[in-house]
Amino acid sequence: MLGSSISHPILTNDYASEWLGIEVRKLGDGHATITMTLRREMMNGFGVTHGGMIFAFADTAFALACNPADGDGSTMTVASGVDVNFLKPSHEGQTITATAERRSSQGRSGIFDVRIFAGAPENDEVIAEFRGRSRTVPKRAVPDKTMPDKTVPTKPCPT
């Protein structure tokens, strides 16, 4: 992402995360830390960050923690369900940080917690908490948009 020195294969065509301005700060096995600066177009009518922006931000951290950057590309881990709790408002100009951590993994299912902070985690100002339930599934062919009757196989993630 912009200004970030850490990349992940799932961000290659992730235009939503690009629009949000998400920067990857840290990646590890079952862990991700990302940041984003809140812009005017992310605010709702009350002058605070729209909940959907916070949700999308947390969902990106969740996806990064679920999918290893060095995977072989044969599977993908997706959300099977999530819960989010908005605890405190955030405002235009603030930089927020999300830290995602795997809490449990059994077979193809997992549980991940994402904490969203105003500023850095050491400030301990939690504005939202997100719990994601994951499921690992085989990666399938995606439709070729230039030829609606054809499909193209997905490419494995580079290693």
Counting other Cβ atoms within 10 Å, which chymotrypsin sites (Phe, Trp or Tyr not before Pro) in the range 1-54 have at most 15 and lie in a DSSP loop?
46
Whole angstrom only: what separates the Cα centroid of the range 84-131 from the Cα centroid of the range 1-69?
11
Would you kindly state how much longer the chain becomes between residue 74 and residue 137 on full extension, computed as 0.36 nm times their sequence separation minus their alpha carbon distance, in nm to one decimal?
21.8 nm
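Throughout, read-outs are computed from the coordinates displayed, never taken from laboratory work. Because the structure is a prediction, the values reported are computed rather than measured. Note that we place each Cβ from the backbone using ideal geometry, even for glycine, and neighbour counts take in every protein chain shown.
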